[in-house]
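Worksheet: the structure to be examined is printed underneath.
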Amino acid sequence: LMQLLIDYADDNGHCLDSLKRVLMSGDWIPTTLPTQINALNPHITVMSLGGATEGSIWSIWHEIEEVKP
């Protein structure tokens, strides 16, 4: 869903100034997505969340500051 929002904002000239934090979880986060988010709002905090699926909780969180190739 975040990729859809980024694509829409980028295509329509929006900068996502109202967002302060983005929390993403799932099987994987595309490595290009944090950079795309920061390009539209350099002051946003991008977080990766993970944990045991069967528990439906996040036991791991990591602030994504830089994605190294």
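For the range 25-44, enumerate the residues that are in contact with a strand residue (DSSP E or B) (Cβ under 8 Å, 6 or more places away or on another chain) and either closer than 20 Å to residue 69 by Cα or surrounded by fewer than 10 Cβ atoms within 10 Å (Cβ to Cβ) (or both).
Restricting attention to the range 25-44, the residues satisfying the condition of being in contact with a strand residue (DSSP E or B) (Cβ under 8 Å, 6 or more places away or on another chain) are 25, 29, 33-34, 37-38, 44.
Listed by number, the residues that qualify are 29, 33, 34, 37, 38.
Within the range 1-42, the residues that satisfy the criterion of being more than 17 Å from residue 61 (Cα to Cα) and assigned to a loop (DSSP other than H, G, I, E, B) are 1, 12, 13, 14, 15, 16, 17, 18, 19, 32, 41, 42. Screening the range 33-69 for residues that are touching a residue at least 24 places away in the same chain (Cβ under 8 Å) and among the β-branched types (Val, Ile, Thr) and picking the one that is nearest to residue 17 (Cα to Cα) gives 44.
Laboratory data are not the source of any read-out in this text; all were calculated from the coordinates shown. If you're wondering where the values come from, they're calculated on a predicted model, not measured in any experiment. When we count neighbours, we look across all protein chains shown, and the Cβ atoms used for this are built from the backbone with ideal geometry, even at glycine.
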